[in-house]
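The values are calculated or read from the model by the stated rules, or taken from the named source; none is laboratory data. Keep in mind it's a predicted model, so treat the numbers as computed, not measured. When we count neighbours, we look across all protein chains shown, and the Cβ atoms used for this are built from the backbone with ideal geometry, even at glycine. Surface areas here come from the heavy atoms of the whole protein model, side chains and all, with no ligands, DNA or RNA. Shrake-Rupley method; radii C 1.70, N 1.55, O 1.52, S 1.80 Å.
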Amino acid sequence: MNPARPYDVVVAGGGPAGCAAALALARAGRRVLLADADNGPPKVGEALVAAGRVLLDDLGAADRVLGTGHLPCYANLSSWGSSAVHAVDFINDPHGHGWHLDRRLFDRQLREAARAAGAEVAEHTAVRRPVRHRNGRWSLTLRGRGDDRTVHCEWVVDATGRRAAIATRCGARRKTHDRLTAIHLTLAPAAGTEAADGSSLVASDEDGWWYTALLPSRRRLVAYFTDADLPAAALTTQTRFMQRTLAVRHLAQRARRHSPPPEATLRRAPAHSAHLDQVYGDGWIAAGDAAVAFDPLSAQGIITALYTGKSAGQAIDTQLRGDETALMDYTAKVRAAHTAYRHGLRTVYAQETRWPHRPFWARRLAATTPHRMEPHHDPATGSPPPRA
Ligand SMILES: Cc1cc2nc3c(=O)[nH]c(=O)nc-3n(C[C@H](O)[C@H](O)[C@H](O)COP(=O)(O)OP(=O)(O)OC[C@H]3O[C@@H](n4cnc5c(N)ncnc54)[C@H](O)[C@@H]3O)c2cc1C
C-alpha cells in the first residue's frame, strides 16, 4: 500500500467496537487503518452472550473468532433478591450457549479477522493529535512500536473505549450515571481434575454484587462491583478480598476450590454507565464504550460494542455514498440501545430489595424514580464524577 495515500477511514481502538467498524468498512471496499494502542485497563474474563455469534456471523468473523480458545457458557446463575440461586439455562436460547472469553485472545482474533478482510492493522499503536483540515481531511499522528508517522483520512472512528479520546477532543461531552467500580482477582486453577464449570454466577451483598466464572485457562475470575466512593471499595489487600469472597455462600463454594497464586494482584477497573451527548460530528463517529458504556451487570457491553461498531462502519460507508441520513440513523440506533439498556438495568436492580438503606442499593432504587438519576458531566476522562 502507498503510505502517503489517504485512508478513507482510520479506526482508533482495536477492541470489539473498532474491529467491527474496520470489518464492516473493509468488507464494503473502504481503505481502512485500524490502530490499537493496547493501553486500556487489563482485560480479564468476560462473557459474550449467545446472540454475539449472530453479529460476528454478519461480519464474516464468527468461526475465526469463536472457533478456539473460549469456554462455552451454558447458564447464568444468580443469587439476587433472595439467598436462593436462580438459573437461566441457555438450552432455551434460540442462539445457543454463550462464551466465557479469553478477552485478549478474542480481541486479537477480531483484529486478525479485520486484517483478513482487507483492513491495515497497526497493533501497539496509538492514534494521537487529530487535526481536522479545511479540505475535509484529518491528519493523525500514529505512535507505536516502529510506527511513528502522520496519516490522513476522511473519517475517524473513535473506538477508544471509555475514555472516548477523539470524540471528547472534538467537543462531545461524556456523561456518567453512577460510580460503579470493579475490584477483581484471578484465582489459580483448581487442584485435581475438576470438570469445567460452564456457568457464571452473580450474587448480591449489602454493598454491591459479585461475579465469578471460570476462564478458558481454568483460572477463576472473582470480581466485586461497588461504588468507588463507598467504604466497601477500600478492599485493598488480597486477604481482605478473599475474606469477603468466602463470606458469600454461593461464591465461597466455587472460590474455595481455587487459591490466589502468590503473584496475583488485586485490580480495579471503572465500570460505571456513561454516554456521549453526540455520537458523531464533523468527520468523526464514536462506537462501543466510547459512545455508550454499560454496567457489566447487563452483560451487554461486548455485543453492543460489536453492534455499534458495525453500524458506525456501515453509516460511514453509506454517508460516503452520498446518503446524508446515515449518521442520523446511527444516532437513533445508539439511542435505542441505550434506552433499552437503561430500562433493563433499572428493572434488574429494582429486584434486589433486601438492603434499601445501604447507600449502594438506595442509589439504585432512587434511580428507578424519574428525574432522580440525572447524568453527570464528565469532561474527557470518562471517570466517575467527583464526590458531592
Ligand atoms: C470489570 C468489567 C467486566 C465486564 N464484563 C463484561 C462481560 O462479562 N460481558 C460483556 O459483554 N461486557 C463486559 N464488560 C464491558 C466490556 O468490557 C466493554 O463494553 C467492551 O470491552 C467495549 O468494547 P470497546 O471496543 O468499545 O472498548 P475496549 O474494549 O475498551 O477497547 C478500546 C481499545 O482502544 C484502545 N485505545 C485507547 N486509546 C487509543 C488510541 N488513542 N489509539 C488507539 N487505540 C486506543 C485500547 O487499547 C483498547 O484496546 C465489562 C467491563 C468491565 C469494566
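Picking from residues in the stretch 222-259 that are touching a helix residue (DSSP H, G or I) at 6+ places or on another chain (Cβ under 8 Å) and either open to solvent by 40 Å² or more (accessible area, probe 1.4 Å) or of a type in the set (Lys, Arg) (or both), the one that is modelled with the lowest pLDDT is 256. Residue 66 meets all of the listed conditions (1) surrounded by fewer than 17 Cβ atoms within 10 Å (Cβ to Cβ); (2) more than 10 Å from the ligand (Cβ to nearest atom) but one, namely (1). Checking each residue in the stretch 151-199 for being open to solvent by less than 10 Å² (accessible area, probe 1.4 Å) and of a type in the set (Ser, Thr, Tyr) picks out only 176. May I ask you to list pairs of residues, at least six apart or on different chains, whose Cβ atoms are under 6 Å apart, with the first in the stretch 102-114 being under 14 Å from residue 38 (Cβ atoms) and the second being of a type in the set (A, V, I, L, M)? Filtered contacts from the stretch 102-114: 110/65; 111/121.
Considering each of 202, 157 in turn, give the residue that is under 27 Å from residue 19 (Cα atoms), within 15 Å of the ligand (Cβ to nearest atom) and in contact with a helix residue (DSSP H, G or I) (Cβ under 8 Å, 6 or more places away or on another chain).
Details: 202 fails: under 27 Å from residue 19 (Cα atoms).
157 is the lone residue from the list that is under 27 Å from residue 19 (Cα atoms), within 15 Å of the ligand (Cβ to nearest atom) and in contact with a helix residue (DSSP H, G or I) (Cβ under 8 Å, 6 or more places away or on another chain).
Number of residues in the stretch 9-59 that are more than 9 Å from the ligand (Cβ to nearest atom), touching an Asp or Glu at 6+ places or on another chain (Cβ under 7 Å) and not hydrophobic (A, V, I, L, M, F, W, C) equals 2. When every residue of the stretch 84-95 is checked against the conditions, at least one turns out to be under 30 Å from residue 247 (Cα atoms), β-branched (Val, Ile, Thr) and away from the ligand (no atom under 16 Å from the Cβ).
Conditions (1) of a type outside the set (Ser, Thr, Tyr); (2) surrounded by fewer than 21 Cβ atoms within 10 Å (Cβ to Cβ); (3) in contact with a Ser or Thr (Cβ under 8 Å, 6 or more places away or on another chain), marked per residue:
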| site | (1), (2), (3) |
| --- | --- |
| 48 | yes, no, no |
| 80 | yes, yes, yes |
| 85 | yes, yes, yes |
| 95 | yes, yes, no |
| 107 | yes, no, no |
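Take the conditions (1) modelled with pLDDT under 95; (2) open to solvent by less than 10 Å² (accessible area, probe 1.4 Å); (3) of a type in the set (Ser, Thr, Tyr); residue 212 misses just one of them, which is (1).
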